Amino acid sequence: MDNNLAIKAENSKTYLGFWIYILTDCVVFASLFAVYATLHSNTNGGASAQMLFSMPLALTQTLILLSSSLTSGLAIISALNKNKNKILFWTLATFILGTIFLFLEIREFNHLVAIGDSWRESGFLSSYFVLVGTHGLHIIIGLIWMIVLSFIIIIKGLTIKSMKGLVMFNLFWHFLDIVWIFIFSVVYLMGHMGL
Amino acid sequence: MIEANLLGLLNIDSFRHDLIQNIGVAIMSLSVIFVILGLTYFKKWRWLFKEWLSSLDHKKIGIMYIVVAVLMLSKAGFDALIMRTQQALSVGNHHGIVSSSHYQQIFSSHGTTMIFFAAMGLMFGIINLAVPLMIGTRDVAFPWLNSVSFWLFAAGMILLNTSLAIGDFSGAGWLAYPPLSELQYSPTVGVDYWIWSLQIAGVGSLLSGINFIVTILTKRAKGMNLMKMPMFVWSILGSMTLVTFAFPVLTATLALLALDRLIGTHFFTSGGGGNPMMYVNLIWAWGHPEVYILILPAFGIFSEIVATFSRKKLFGYKSMVWAIWAIVILSFTVWLHHFFTMGAGADVNGFFGIMTMIIAIPTGVKIFNWLFTMFRGRITFSAPMIWFIGFILLFSIGGVAGVILAVPPADFQLHNSLFLVAHFHTMIVSGVLFGYFAGIVYWFPKFFGIRLNEKLGKIAAYLWILGFIVAFVPLYALGIMGATRRMDHYSASMGWQPLFIVAGVGVLIIGSGLLAIVAQVAYSIYKHLDYRDKTGDPWDGRTLEWSIPSPAPSYNFSVLPTIKKPDDFWDLKQTNRKVELNYSDISMPKNSYLGLFISAGAFSFGFGVVWHIFWLSIIGLILIFSSIIIRTLDENTEYIITKESLIRDDMKFYGEAK
């Protein structure tokens, strides 16, 4: 009993810390959004958002990322049922969806650079690449995290520590989802409408 | 911009400097060699690594912070001495002791070092030492993260000081405004050094902020609800909240400036659709809260000191708490007062001017609370109280100067003048620094087991107060006479030289004050047998840290306390309340060397980016990530201290005391 209480206290402390970390990351993204809002019309005579972004691609990316949030949520449900293989299966599904998302993003970046619209061209493009790229960087960290987490679960099984890691990873992944919703609305949707 | 050369931009010219800088490099290298030889001669390497560098004990980490901060304070103090000498001599046909470009690097490094490595270092040092003891816990919430924070701070500090010997430092001021700080106008690596040393140290501060919020919210002693916390802990909660909201903005802003310089983006460039004023807005959205991050802990320290040395409970506890949170929130609404001259228009300037004046109100509340705490108290004028008296006098003067600057039309005249320089030095030296000095004198016995010599302590405080007045009052006058800041030469016809000479004398007095502090510590250590604190409660204190032996044992509390009232320890002493001691085994975090590895990784990463040696950066990143993963896999991170050894320790200390 006492031991359980100690574990609970330990967990609540870690989760609180992780929530505050997410808050600080929110502020990082808020700064980048503010920068995008300030610079998005500074096209320096080059391409604007309306000319560049393809809605079908952005929508596909959105759906993929949202699905990956579903699969990572299913991993948590499997954890509640203490089903190790299912956790690994859903984590793998999340990993694959995340990788596809990242692939699409890199492909879009490559395409933009190839047609001569790289970050060097204007304030608008700089802020676009950095805002979306920072999100992509977080996705990469999430992918690495999933690999490490899966290894820990495979080697050490469903320990308290590995389950804590799974919960925190989920918080992180859902957070990236929410940030992406804002990117989709502010960058792609508003860009498409020429706002 | 990937360089084909393995050493990136680094070449033999990076090591060539002028005479003054060579002297600096020589002093720095000799001190490092001296320390290495000393450690080898006394065979202390093992001890250094085992007991200190790998320690996760918050008290040892705190002491390491303070050691680094004091070194940085002295280094940036030398910068100040050079600046004052330059301005006293460089008139008319004389051009002083350093060149213009070197002068720019000196004032940039003075400001950067003082804020990020002296003030922040002292602050985190004192927080680390005092907070866990005051809330009655054995460690911070995340001990390993705490060590990582310190080591990132250390890596940033080393990177900054490397710029003295290899290459140059930023000449763009302590906040490196673009477009001057862009590649086009600052083509050397100086600004990159500035960016990456701050970025690395800043991430460390951010992690510390998270750590201490969680510590305060989850690790308080049983019965200590929020409104029973000591005021210092409240002020830290406020300050760390500011850290978590403000430092991410710094991280983002520095990253954008770095990208402008590295890969040619157009965030803050004057052409290409960039917006330099956006940088100024962003950096002050961090920078203004930063000054409150520094001052709130100092307010907290004074709250403890005034109550202790007046033998009274703090006047207006609740209003103090509200004042802290009013400051926390308001500090995010005033950033534009740093650049009224941007041209935002009368309405915007008016808003920020009024908000700036409003923020003086909670600060005034605090000042009156301290005065009322002293009123009819039985005051002991110990050294910490002398610092406090100096603080309240000078800080009020500086605050009034601040309210003058908050009036936009007046600011248009005084902007960028020495009046401004005098104002913020009054706030930061007599507010922040005096507070931290007072805190160190106050808590010194708790961590080292010896009291500091009172006489030398008082002399140090008086020298600082006097030196400060002599050094900075002339600057107020010079500012009104039109002298601008960051000036390395002026015409003799301005008639400023006498005042600059007076200011130079002031810096010498401050320097002797610093020496007096060193003498105070050295003398007290030399006479440590006479100065030993045998009771654990040398000041007849009010808060929990005085309820345990001095120096505080590694586990802090042999039995975790239970709190019934605010200032519970004082109440305990007054009412002779009996406390039951139920000893049990406890587990404490084991030492870890991974903080050092992360530090090495962060330094390699930073140095690699500065000099475009990208393979070094990649090695650095790998080192950081693998250290984190190794820590995640490590299950065996704690050790047990048995009940018997706790009882033995307590018997030893208290038996001796009685």
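What follows is calculated from the coordinates using simple rules that are stated; it is not laboratory data. Quick caveat, the model's predicted, so the values are computed rather than measured. Cβ atoms come from the backbone with ideal geometry, glycine included; neighbour counts cover every protein chain shown.
Some points to look at:
- Along the axis of the charge dipole computed for region B:111-228 (Cβ charges of +1 for Lys and Arg, -1 for Asp and Glu, origin at the Cα centre), the listed residues B:Thr215, B:Ile158, B:Trp174 are led at the positive end by B:Thr215.
- For region A:59-193, a Kirkwood hydrodynamic radius built from all Cα pairs, placed in the Stokes-Einstein relation at 10 °C and 1.306 mPa s, yields a translational diffusion coefficient of 100 µm²/s.
- Beta bridge orientation in the protein assembly as shown: antiparallel %, DSSP, nearest 5: 75 percent
- Between region A:4-80 and region B:57-112, the Cα center-to-center distance that results, in Å: 42 Å
- Taking other C-beta atoms within 10 angstrom as a stand-in for reagent exposure, B:Arg486, B:Arg542 fall in the order B:Arg486, B:Arg542, fewest first.
- Charge dipole magnitude, Cβ of K and R +1, D and E -1 - the protein assembly as shown, Cα centre, debye nearest 20: 2780 debye
- Diffusion coefficient of region B:459-536 by Stokes-Einstein, Kirkwood radius over Cα pairs, 37 °C, 0.692 mPa s: 221 µm²/s.
- Size of charge dipole - chain B - debye, nearest 20, with Cβ of Lys, Arg +1 and Asp, Glu -1, no other charges: 2180 debye
- Ordering B:Ile428, B:Ile66, A:Ile147 from the fewest to the most neighbouring beta carbons within 10 Å gives A:Ile147, B:Ile428, B:Ile66.
- Pairs from the table (B:Lys458/B:Lys527; B:Lys446/B:Lys527; B:Lys228/B:Lys455; B:Lys455/B:Lys527) lying more than 24 angstrom apart at Cα are B:Lys228/B:Lys455.
- Convex hull volume of region B:223-333 per residue (C-alpha atoms, cubic angstrom): 107 Å³
- Rg/Rg_ref, region B:12-657, where Rg_ref = 2.2 N^0.38 Å and atoms are Cα: 0.96
- Counting Cβ atoms of other protein chains within 10 Å of each residue's Cβ and taking the mean over peptide B:259-266 gives 5.
- A protection proxy built from the mean count of other Cβ atoms within 10 Å ranks the segments A:61-70, B:254-263, B:418-427, most packed first, as B:418-427, B:254-263, A:61-70.
- For region B:215-277, the share of alpha carbon pairs falling in successive 10 Å distance bins from zero is 18, 30, 17, 15, 15, 5, 0 percent.
- Relative contact order (%) - region A:2-192, alpha-carbon pairs under 8 angstrom, separation at least six: 34 percent
- Percent antiparallel among DSSP beta bridges (both partners in chain B, rounded to 5): 75 percent
- Only one residue of A:Leu102, A:Phe53, A:Ser78 has its Cα farthest out toward the positive end of the dipole of region A:2-192, where Lys and Arg carry +1 and Asp and Glu -1 on Cβ, and that residue is A:Ser78.
- Taken about its Cα centre, region A:2-192 carries a charge dipole of roughly 740 debye when the Cβ of each Lys and Arg holds +1 and the Cβ of each Asp and Glu holds -1.
- Its relative contact order, with pairs defined as Cα atoms under 8 Å and 6+ residues apart, puts region B:12-657 at 17 percent.
- Inter-chain Cβ neighbour average for residues B:271-278, partner chain, 10 Å: 6
- Residues of type aspartates and glutamates that B:Lys43 reaches as a straight line, Cα spacing below 18 Å, ignoring anything fewer than 8 places off in the same chain: B:Glu51
- Farthest positive-ward along region B:406-528 dipole, Cα basis, beta-carbon charges - from B:Gly467, B:Asn453, B:Tyr490: B:Asn453
- For peptide A:42-55, the mean count of partner chain Cβ atoms within 10 Å of a residue's Cβ comes to 1.
- Normalised size of region B:576-658, defined as Cα radius of gyration per 2.2 N^0.38 Å with N residues, equals 1.88.
- Cross-link pairs exceeding 23 Å between alpha carbons, from the set B:Lys534/B:Lys652; B:Lys219/B:Lys564; B:Lys565/B:Lys590; B:Lys44/B:Lys590; A:Lys13/B:Lys565: B:Lys565/B:Lys590; A:Lys13/B:Lys565.
- Here's the list of lysines a cross-link from A:Lys82 could span, going by alpha-carbon distance under 20 Å and ignoring same-chain residues fewer than 8 apart: A:Lys8, A:Lys156, A:Lys161, A:Lys164.
- By other beta-carbon atoms within 10 Å, ranking A:Thr99, A:Thr14 with the fewest at the front produces A:Thr99, A:Thr14.
- Computed Rg/Rh of the protein assembly as shown, alpha carbon atoms with Kirkwood Rh: 0.96
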